[in-house]
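Notes for the one structure printed next.
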Amino acid sequence: MAELTFRTGTMDAGKSTLALQTNHNHAARGRVGRLFTSHDRAGAAMVSSRLGLTAQAQEVGADFDFWRYTVDALTQGARLDYLICDEAQFYTPAQIDQLAKVVDELQVDVFCFGILTDFRTRLFPGSARLVELADRTEVLQVEALCWCGKRATHNARTEDGAMVTEGEVIVVGDVESAEAPPAPLPADVEVAYEVLCRQHHRRGMTAARARAVSLSPEPLPFPG
């Protein structure tokens, strides 16, 4: 029986790497599939891993219909055993419903990969619908780490170096290292993403801010 599987983790947890590996493993066994993505850091119609792996994919816009796409492909004689859906948090709830229908009615396996919550710690609508519908939801075992060394559980966005908790939900960027400058975006706003533990996300304590605090001079002691 075909299944709808959702594999999730924070940024930097290797979701796109696993998506590409899953596609490779199934293709190596003679199965035929298609790759899909949305708002990948490498640009439209690409699945890219931070390890340097890339593959061409179908870009999923807001009006893309998975059910119609799959039915049309099968009607035209194509073979489809599975779909790999990366960046699934950006899909609409209606598109997740379409994927579930593809699994149930057409017996095509669907593997979705994405993060659960945005930089405001709120569930993405697409991810929420996947949790509701998926036959299996798996948290990736490769743990991303906060700058303090604890397991990272939250995704943070910084603009011009300061952590923000309001703004547009979809702003494409990348996870930067503690030493690297954030990725530039239009309108002279510098945006970057960082994974943090809950404690430091609550405090707005990014790696850059923690470094600045540690480098600030200690106050001179007052005379007794």
Given the Cα-Cα distance of Arg136 and Ala78 and 0.36 nm per residue of separation, how much length would full extension add, in nm?
18.2 nm
FRET efficiency, 1/(1 + (r/R0)^6) with R0 30 Å, evaluated for Arg211 and Thr121 via beta carbons:
0.80
May I have the extent of the alpha carbons of the stretch 32-149 along their three principal axes, as whole Å values ordered from largest to smallest?
53, 31, 26
Could you check how many percent of all C-alpha pairs in the stretch 1-64 are farther apart than 13 Å?
68 percent
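Compute the Cα gyration tensor for the stretch 79-120, then decide on rounded, prolate or oblate, letting a ≥ b ≥ c be the square roots of its eigenvalues: rounded whenever a/c is under 1.5, prolate when a/b is larger than b/c in the other cases, and oblate in all that remain. Working shown, then result.
Numbers: a/c = 3.57, a/b = 2.00, b/c = 1.79.
It comes out prolate by the Cα gyration axes.
Scan the stretch 1-38 for trypsin sites (Lys or Arg not before Pro) in coil per DSSP, keeping those whose Cβ has at most 11 other Cβ atoms within 10 Å, and list them by number. Before the final figure, lay out the partial values.
Details: sites: Arg7, Lys15, Arg29, Arg31, Arg34; in loops: Arg29, Arg31.
Those satisfying the criteria are Arg29.
We did not get these values from a lab; they are worked out from the coordinates using the rules stated. On a predicted model such as this, the values are computed, not experimentally measured, just so you know. All Cβ positions, even for glycine, are placed from backbone atoms using ideal geometry, and neighbour counts span all protein chains on display.
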